[in-house]
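Structure first, then comments.
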């Protein structure tokens with residue numbers, strides 16, 4: 001991993017862990033993670049490979065991200081606070097999930113560029129996956145995870161903010 005990738009991973013982790021605890025559901029709190037991952041996508045996704053099994057591999061990254069995002073969204077409690085504002089509470093399950101996902105991604109990158117490089121190369125050759133597809137896999141996974149988490153929180157916020165309707 002290069003310095004930029006370290007900074008990006010720790011930046012995303014810091015932003016996601018800043019959600020830990022109880023906070024008012026502000027636009028900034030919900031949109032900032034999406035902006036960061038969009039910047040990452042713009043810098044890392046152009047030229048996403050589509051040869052061999054790259055598309056299927058990248059799609060599996062999206063699927064994993066959707067699942068992890070659903071878990072992250074489920075780990076955030078959304079409720080109306082005492083002042084009538086929508087409040088988000090993210091506890092230890094949320095913090096552990098994000099730390100495990102981002103830490104795992106960083107550990108994999110270190111392993112894949114060091115002692116595991118032959119195993120990754122063999123896997124990639126066996127399954128017709130290009131080297132660039134690995135980057136796309138992880139970026140798309142992050143996009144899907146953060147997008148799904150944010151969408152679930154926004155849906156819960158909207159549900160709580162909507163006026164009650166009577167039939």
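The values are calculated or read from the model by the stated rules, or taken from the named source; none is laboratory data. Just so you know, these numbers come straight off a predicted model, no measurement behind them. All Cβ positions, even for glycine, are placed from backbone atoms using ideal geometry, and neighbour counts span all protein chains on display.
Listed values, structure above:
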| item | result |
| --- | --- |
| Qualifying residue in the range 72-92 (condition: out of contact with any strand residue (DSSP E or B) (no Cβ under 9 Å at 6 or more places or on another chain), buried (at least 20 other Cβ atoms within 10 Å of the Cβ) and closer than 20 Å to residue 32 by Cβ) | yes |
| Output for the range 98-132, where each listed residue is surrounded by fewer than 16 Cβ atoms within 10 Å (Cβ to Cβ), touching a residue at least 24 places away in the same chain (Cβ under 8 Å) and assigned to a loop (DSSP other than H, G, I, E, B) | 113, 127, 128 |
| Answer residue from the range 64-97, given it is out of contact with any helix residue (DSSP H, G or I) (no Cβ under 8 Å at 6 or more places or on another chain) and part of a helix (DSSP H, G or I) and is farthest from residue 161 (Cα to Cα) among those | 96 |
| Residue in the range 27-56 that is nearest to the chain's Cα centre (by Cα), counting only those that are modelled with pLDDT of 80 or more, part of a helix (DSSP H, G or I) and more than 30 Å from residue 78 (Cβ to Cβ) | 43 |
| Qualifying residue in the range 44-56 (condition: touching a residue at least 40 places away in the same chain (Cβ under 8 Å) and more than 19 Å from residue 130 (Cβ to Cβ)) | no |
| Residue count for the range 6-16, restricted to those that are under 16 Å from residue 100 (Cβ atoms) and within 12 Å of the chain's Cα centre (by Cα) | 4 |
| The range 9-19, residues that are surrounded by fewer than 19 Cβ atoms within 10 Å (Cβ to Cβ) and either under 16 Å from residue 143 (Cβ atoms) or modelled with pLDDT of 85 or more (or both) | 11, 13, 15 |
